[in-house]
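Here the structure comes first, spelled out in structure tokens, and everything after it is commentary.
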Amino acid sequence: MKKFSKAVLMTLTTIAATAALTACEQANACNYDEAAHKLACVEKTYKTANIGGKIWMTENLVRHDITGKSYCYSDIPANCENYGSLYPFETALKICPDGWELPTQADFENANVASEEFKTLKVGFRYYDGKYADEDVSASFWTKDAFDDARAVMIRLDTAVHTEHFNKTIAASVRCIKK
């Protein structure tokens, strides 16, 4: 009886793990419609545009990370829908949909991120201690470039475009580009 119970338990565990993995894979898969300039994902359909020779999402990513490393400004869920989610650097590196990636500093430099087409929302960011800053003042976007072990390159937009190095535990907005 014990052997049977262990075998059944192992089988059920394997089935549950497979179902969870399949659900995660499906949640990360999106359909890109180049003609309509749209990326349809489970959580939202994002507008896209060709900016600087690359296909960019023109809206901030709204994915909720299953590890709990995504935030809504001021911890208000409606702010994720209005502004997009904020992510620490390590989460930002892996949160883009399949076939999309976090842009590099060079990608931002080659794009006209101050244009209307980029549709910047001044969302601000979240400090590592849980405090939020710069709502309606600036927009902060992670690049996939690490500066050193503790900091990564962030693009900040207010009245100008700034390249800065911030602690990787700060949570900022994410825009993804097509690979």
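Where a number appears in this text, it was derived from the coordinates with a stated rule and is not lab data. The shown structure was predicted, so the numbers you read here are calculated from the model rather than taken from an experiment. Ideal geometry is used to build each Cβ from the backbone, glycine not excepted, and the neighbour counts take in all protein chains shown.
Which length gain, in nm to one decimal place, applies between S74 and D134 when the Cα-Cα distance is subtracted from 0.36 nm times their residue separation? Show your work: numbers first, answer last.
Values: separation 60, 0.36 × 60 = 21.60 nm, distance 1.12 nm.
Once the chain is fully extended between S74 and D134, it gains 20.5 nm.
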Open item on the list: Take the residue pairs K38/K168; K122/K179; K94/K144; K38/K179 and return only those whose Cα atoms are more than 20 Å apart.
Closed with: K38/K168; K122/K179
Task: In Hz, Karplus ³J(HN,Hα) per residue of the range 58-73 (6.51, -1.76, 1.60; θ = phi - 60°; x = Gly, Pro) - done: 9, 9, 5, 5, 10, 6, 9, 6, 5, 8, x, 9, 9, 9, 9, 3
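Would you work out if the range 36-179 is rounded, prolate or oblate? Take a ≥ b ≥ c from the square roots of the eigenvalues of the alpha-carbon gyration tensor; rounded if a/c is under 1.5, else prolate when a/b is larger than b/c, oblate otherwise.
Details: a/c = 1.32, a/b = 1.14, b/c = 1.16.
Rounded.
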- [ ] Quickly work out the F147-to-H64 label distance, labels modelled 7 Å from Cα along the C-beta direction, and quote it in nm with one decimal.
- [x] 3.2 nm
- [ ] Go through the range 123-132 residue by residue and turn each phi into a ³J(HN,Hα) via Karplus (6.51, -1.76, 1.60, θ = phi - 60°); whole Hz please, and just put x for glycine and proline.
- [x] 8, x, 7, 10, 5, 4, 8, x, 8, 9
Open item on the list: Rounded, prolate or oblate for the range 62-128? Axes are the square roots of the Cα gyration tensor eigenvalues, ordered a ≥ b ≥ c, and the cut-off for rounded is a/c under 1.5.
Closed with: oblate
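Of all beta bridges DSSP finds with both residues in the range 2-178, what is the antiparallel percent, to the nearest 5?
Details: 30 of 32 bridges.
Looking only at bridges with both residues in the range 2-178, the antiparallel portion is about 95 percent.
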Task: Derived scalar couplings ³J(HN,Hα) [the range 36-49; Karplus, 6.51 cos²θ - 1.76 cosθ + 1.60; whole Hz; x for Gly, Pro] - done: 8, 6, 9, 10, 8, 10, 4, 7, 5, 9, 9, 7, 10, 7
Task: Amide H contacts under 5 Å for E135, placed H, 5+ residues apart - done: F125
TODO: Enumerate by residue number the GluC sites (Glu not before Pro) in the range 112-179 meeting two conditions: DSSP loop (anything except H, G, I, E, B), and at most 16 other Cβ atoms within 10 Å of the site's Cβ.
DONE: E135
- [ ] Could you calculate the contour length gain from T169 to K44, that is, 0.36 nm times the residue separation minus the distance between their Cα atoms, to one decimal place in nm?
- [x] 42.4 nm
